[in-house]
Amino acid sequence: MDIKNYIGITSLTEERKNPLFFAIIFFIVFFCGLILGSEIQKILKLNLEMGWGQDIVSVAAILLLALFFKAPRQLLALEKPQHKNWLKYTIIIGVAIALWTFTNQILSDDPNFNRGLEYYLFELTMPSIAEEIGLRGAVLGFLLHYAKQSCFSNAKMWLIIVILAMLFGIAHLLHVESFVDGLNAFLTTFSAGLGLSWLRIKTGSLFPGIIAHSIMNVFDNILGNLF
């Protein structure tokens, strides 16, 4: 696929100084925000099962830092999707990853689809917003500027997407309890990272990725409860 001619790359007009450096900075800020938010939630002793604090702090840090740059909305791709088939691609990617997750759950030793209201409220909002703005918005945004300004080939641009997807997959291994669980988590999140990055570049917007991310986070559990 000739990703160099996708809307999300051809529409980049701002010249970014040191884009690779700032991609690394935003990546560090994002994960530091996750850690800080998690610690704040523990200190406040909030009666919450999900990681609200880590996502709220990380996305707030990314948004504040982005304000110091020209055209922050373009940088984060917080703009209207420009591709006419963006909704179709969004649903396909969201449902496809959710079905894979559902299959992995069914094949696991202890499938767990019995989730409470807090789980659905959290998974429909926070991870999709925080992870998309932080990773596919800021980090990938600067990496795309770096690739375009450096006249990267199509293959090198795909390499950037693969590396970011790998980091996305590795980040979801922190709480796994076995090798099999870790492998399933990595393969699922790695594939999601590829699909979500492709969606952001194809449509020129982060919003389809946010919607697809929300779908993949909850649709597997909805299917589990239905069947």
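Every number here is computed from the coordinates shown, using simple stated rules; none is lab data. In this text, all values refer to a predicted model and were calculated from it rather than measured experimentally. Neighbour counts are summed over all protein chains in view; Cβ atoms, including those assigned to glycine, are modelled from backbone coordinates with ideal geometry.
Things to note:
- Summing charges over neighbours of L36, with a neighbour being any other residue whose Cβ is under 15 Å away from its Cβ, gives -1 when K and R count +1 and D and E count -1.
- Between the range 1-68 and the range 106-135, the Cα center-to-center distance that results, in Å: 19
- Residue-span extension gain [I163 to I92] - 0.36 nm each, minus C-alpha spacing: 23.3 nm
- Here's the picture: a label point sits 7 Å out from the Cα of E177 along the beta-carbon direction, and within the range 99-138 the residues with their amide nitrogen under 17 Å of it are 105-115.
- Taking the number of Cβ atoms within 10 Å of each Cβ as an exposure proxy, the fewest-first ranking of R73, R136, R200, R16 is R73, R16, R136, R200.
- Mean separation of Cα contacts under 8 Å (6+ apart) over length of the range 7-226, as relative contact order %: 36
- The residues packed around L164, meaning those with a beta-carbon under 14 Å from its beta-carbon, carry a net charge of +1 if Lys and Arg are +1 and Asp and Glu are -1.
- Residue-count net charge about L78 - beta-carbon cut-off 13 Å; Lys, Arg +1, Asp, Glu -1: +2
- Pairs from K17/K202; K17/K42; K45/K80; K17/K88; K80/K156; K70/K156 whose Cα-Cα separation, in the structure shown, is over 29 Å: K17/K42; K45/K80; K17/K88
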